[in-house]
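Below is the structure I would like to discuss, written out as structure tokens.
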Amino acid sequence: MNDEMNQLIDLQKIDTELAGFDREISEQEQEIDKRRQSIDEKKEAIAHCQDRIKELQEKKRAIEIENEDAGARIKDRQNKMMQVQTSREHQALLKEIEENKRIVKESEEQLLATLEAMEQTENEARELENLLSAEEKLLDEETVTVSKKIKKIQNRRKTVAKKRDSLAADLKAPLLKRYNMLLTKRDGLAVVKTVDGVCQGCYMSMPPQQYNEVRKGDKLQICPTCQRLLYYQEEEEE
Ligand SMILES: [Zn+2]
């Protein structure tokens, strides 16, 4: 195999390693993001509870007013009872008193149900707040641990990245440019093995003539389907 090809193979190995570091870092960051998201969801749920409590307080106030008004009307009609002359007027007042008594009774029931709903929502909010503060504490701890881990990965990455720089500097500029472009466009894989005439990057077959050329390894060969740089390696060499 020619030297250029060997250099490219080494470069690909290093870039795969670097991509692995990047993946590790992003996995760590995702863990933190997940925790943050859960915290945001809790905060949203708490805000929702607080809105509900406010609504219930307004409802409670409205019911109390309705109750007081009905109570006042009952007193008012009871007072009027002393002054009425006819039994028709008397009947009308009685009817009104009955009606307002019904309102008082109903509003009292509504008031109880509203108070119950308020208590339930307040409990729910309290539970969420407990969970939230536990999760926030955990996030703080995890953030410290994760940033330490990331720093370690970054240090290992730096060493490998230096190796990459010196290796890349040895390559001819046009070839390096082509390699870098392939690396970006082909998901981090620019140099691939061939097995039985099949490119291990896109898993498409190449013409037998080309496969022979790849096996000879005299000249750079490009996959006709994915344009990756191809090489051949005896199985036992691995
Ligand atoms: Zn291919």
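Could you tell me whether any residue of the range 55-75 is without any contact (Cβ under 8 Å) to a residue 60 or more places away in the chain, among the small types (Gly, Ala, Ser), farther than 30 Å from ASN130 by Cα and crowded, with 17+ Cβ neighbours inside 10 Å?
Yes: the range 55-75 contains one or more residues that are without any contact (Cβ under 8 Å) to a residue 60 or more places away in the chain, among the small types (Gly, Ala, Ser), farther than 30 Å from ASN130 by Cα and crowded, with 17+ Cβ neighbours inside 10 Å.
Restricting attention to the range 110-132, does a residue exist that is at pLDDT 95 or above, farther than 23 Å from HIS48 by Cβ and of a type outside the set (A, V, I, L, M, F, W, C)?
Looking through the range 110-132, none of the residues is at pLDDT 95 or above, farther than 23 Å from HIS48 by Cβ and of a type outside the set (A, V, I, L, M, F, W, C).
Just for the range 204-213: of the residues that are within 11 Å of the ligand (Cβ to nearest atom) and part of a loop (DSSP other than H, G, I, E, B), which one is surrounded by the most Cβ atoms within 10 Å (Cβ to Cβ)?
By that ranking, first place goes to MET206.
Let me ask you something else. How do the pairs read when you match residues in the range 193-222 that are touching a residue at least 40 places away in the same chain (Cβ under 8 Å) with residues anywhere that are among the hydrophobic types (A, V, I, L, M, F, W, C) and part of a loop (DSSP other than H, G, I, E, B), using Cβ under 6 Å and keeping only pairs 6 or more apart or on different chains?
What qualifies is GLY217/MET1.
Just checking, which of ILE9, ILE46, ILE39 is hydrophobic (A, V, I, L, M, F, W, C), surrounded by 15 or more Cβ atoms within 10 Å (Cβ to Cβ) and under 30 Å from GLU234 (Cα atoms)?
On the way: ILE46 fails: under 30 Å from GLU234 (Cα atoms); ILE39 fails: under 30 Å from GLU234 (Cα atoms).
One residue alone meets the criteria, ILE9.
Please state which of the following conditions GLN83 fails to meet, knowing it meets all the rest: (1) touching a residue at least 12 places away in the same chain (Cβ under 8 Å); (2) outside any helix (DSSP H, G or I); (3) not aliphatic (A, V, I, L, M).
Against the list (1) touching a residue at least 12 places away in the same chain (Cβ under 8 Å); (2) outside any helix (DSSP H, G or I); (3) not aliphatic (A, V, I, L, M), GLN83 comes up short only on (1).
Yes or no, residue by residue, for (1) within 16 Å of the ligand (Cβ to nearest atom); (2) surrounded by 11 or more Cβ atoms within 10 Å (Cβ to Cβ); (3) at pLDDT below 95:
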{"residue": "LYS137", "(1), (2), (3)": "no, no, no"}
{"residue": "VAL160", "(1), (2), (3)": "no, yes, no"}
{"residue": "LEU189", "(1), (2), (3)": "yes, yes, no"}
{"residue": "CYS202", "(1), (2), (3)": "yes, yes, no"}
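Given the criteria more than 16 Å from the ligand (Cβ to nearest atom) and surrounded by 13 or more Cβ atoms within 10 Å (Cβ to Cβ), does ALA169 qualify? Let's see the steps before the verdict.
Values: more than 16 Å from the ligand (Cβ to nearest atom): yes; surrounded by 13 or more Cβ atoms within 10 Å (Cβ to Cβ): no.
Considered against the rule, which asks whether it is more than 16 Å from the ligand (Cβ to nearest atom) and surrounded by 13 or more Cβ atoms within 10 Å (Cβ to Cβ), ALA169 comes out as no.
When the range 182-202 is examined, which residues are found to be under 10 Å from CYS223 (Cβ atoms) and assigned to a loop (DSSP other than H, G, I, E, B)?
Of everything in the range 182-202, those that are under 10 Å from CYS223 (Cβ atoms) and assigned to a loop (DSSP other than H, G, I, E, B) turn out to be ARG186, GLN200, GLY201, CYS202.
Considering every residue within the range 214-231, establish whether at least one is farther than 18 Å from ARG186 by Cβ, more than 9 Å from the ligand (Cβ to nearest atom) and crowded, with 18+ Cβ neighbours inside 10 Å.
No - not one qualifying residue is present in the range 214-231.
If I filter the range 103-110 for residues that are among the β-branched types (Val, Ile, Thr) and touching a residue at least 40 places away in the same chain (Cβ under 8 Å), do I get at least one hit? Lay out the reasoning, then the answer.
In the first step, residues of the range 103-110 are kept if they are among the β-branched types (Val, Ile, Thr); the result is 103-104.
Going one step further and asking which of them are touching a residue at least 40 places away in the same chain (Cβ under 8 Å), we end up with none.
There is no residue in the range 103-110 that is among the β-branched types (Val, Ile, Thr) and touching a residue at least 40 places away in the same chain (Cβ under 8 Å).
The values are calculated or read from the model by the stated rules, or taken from the named source; none is laboratory data. Since the structure is predicted, the reported quantities are computational estimates derived from the model, not experimental observations. No Cβ is skipped: glycine too gets one built from the backbone with ideal geometry, and neighbour counts run over all protein chains shown.
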